[in-house]
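The values are calculated or read from the model by the stated rules, or taken from the named source; none is laboratory data. This one's a predicted model, so the numbers in the text were calculated from it and none came from an experiment. Ideal geometry is used to build each Cβ from the backbone, glycine not excepted, and the neighbour counts take in all protein chains shown. In case anyone asks, the SASA skips ligands and DNA or RNA and just uses the protein heavy atoms, side chains included. Shrake-Rupley method; radii C 1.70, N 1.55, O 1.52, S 1.80 Å.
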Amino acid sequence: PLTPVQQENGDWMPPVVADSLDARHFFLCASHLYRYTKGGGNNWTSAQWSSFDFGVAAGEYLSALSFSPLDPQRAYAVTDRGRLYHSSDHGLTWTASSSTAPGGQYFYGTALLASTVSVDTVYVGGSGYSGPAVYRSTDGGVTFQAWSTGLPVVSPR
């Protein structure tokens, strides 16, 4: 029989993110968020970390997860459909952003980066094919605006 994680929707190479609070743990992104724990030897056990279902639409799943290096309780997530979320309790509960992310590139999806300078700032990057490639939130992930400061201008060929 399939494990609960194997029954989830997810990317063909699901993102894994180190737990910033404990090196014996990592998170796996799927329709739910799972936390793996290192046991004896090479054994790992998994448990659903959050009961929040990111699969709003059929087949939807988390495509990126980022924790703030300034406050590891602050987490940010984005799905393959561009839905953005923020958490203030290390990813146990989630609140949807009022914004959506730029479309992901089909090879590598969407990227998230929490700022090393401001706990309320997070960046989300996508393909840039049909709009801005990067958006930034300065209010803890509640809203995002297009951002291009310091980025190269790419002209269509």
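Output the residues belonging to segment 111-127 that are small (Gly, Ala, Ser), within 15 Å of Thr149 (Cβ to Cβ) and part of a loop (DSSP other than H, G, I, E, B).
We begin by selecting, within segment 111-127, every residue small (Gly, Ala, Ser); these are 111, 114-115, 118, 125-127.
Adding the requirement that they be within 15 Å of Thr149 (Cβ to Cβ) leaves 115, 118, 125.
Ser115, Ser118, listed by residue number.
From (1) touching a Phe, Trp or Tyr at 6+ places or on another chain (Cβ under 6 Å); (2) part of a loop (DSSP other than H, G, I, E, B); (3) of a type in the set (A, V, I, L, M, F, W, C), pick out the condition that doesn't hold for Phe26.
Just one mismatch for Phe26, condition (2).
Please count how many residues of segment 84-103 are open to solvent by 10 Å² or more (accessible area, probe 1.4 Å) and under 10 Å from the mean Cα position of the chain (by Cα).
Looking only at that region, the number is 2.
So the check is Cβ under 9 Å with 6+ separation or different chains; which pairs have a first residue in segment 135-151 that's among the basic types (Lys, Arg) and a second one that's open to solvent by 80 Å² or more (accessible area, probe 1.4 Å)?
If the second residue must be open to solvent by 80 Å² or more (accessible area, probe 1.4 Å), the pairs left are Arg136/Gln145; Arg136/Thr149.
Please tell me if Tyr106 is open to solvent by 10 Å² or more (accessible area, probe 1.4 Å) and modelled with pLDDT under 95. Step through it out loud before you land on a result.
On the way: open to solvent by 10 Å² or more (accessible area, probe 1.4 Å): yes; modelled with pLDDT under 95: yes.
Against the criterion (open to solvent by 10 Å² or more (accessible area, probe 1.4 Å) and modelled with pLDDT under 95), Tyr106 qualifies.
Residue-wise test of (1) within 13 Å of the chain's Cα centre (by Cα); (2) aliphatic (A, V, I, L, M); (3) open to solvent by 40 Å² or more (accessible area, probe 1.4 Å); (4) more than 25 Å from Pro69 (Cα to Cα).
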residue: Asn9; (1), (2), (3), (4): no, no, yes, yes
residue: Pro15; (1), (2), (3), (4): yes, no, no, no
residue: Ala18; (1), (2), (3), (4): yes, yes, yes, no
residue: Leu21; (1), (2), (3), (4): no, yes, yes, no
residue: Phe27; (1), (2), (3), (4): yes, no, no, no
residue: Ala30; (1), (2), (3), (4): yes, yes, no, no
residue: Leu33; (1), (2), (3), (4): yes, yes, no, no
residue: Gly40; (1), (2), (3), (4): no, no, yes, yes
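Please go through segment 19-39 and give me each residue that is over 17 Å from Gln73 (Cβ atoms) and touching a residue at least 40 places away in the same chain (Cβ under 8 Å), ordered by number.
Passing the criteria: only Cys29.
Anything in segment 58-71 that is modelled with pLDDT under 90 and in contact with a Lys or Arg (Cβ under 6 Å, 6 or more places away or on another chain)? List them, or say none.
The one that is modelled with pLDDT under 90 and in contact with a Lys or Arg (Cβ under 6 Å, 6 or more places away or on another chain): Glu60.
Looking at Asp53, is it free of Cβ contacts under 8 Å to residues at least 24 places away in the same chain and either open to solvent by less than 30 Å² (accessible area, probe 1.4 Å) or at negative phi (or both)? I'd like the intermediate steps shown before the answer.
Details: free of Cβ contacts under 8 Å to residues at least 24 places away in the same chain: yes; either open to solvent by less than 30 Å² (accessible area, probe 1.4 Å) or at negative phi (or both): yes.
It is true that Asp53 is free of Cβ contacts under 8 Å to residues at least 24 places away in the same chain and either open to solvent by less than 30 Å² (accessible area, probe 1.4 Å) or at negative phi (or both).
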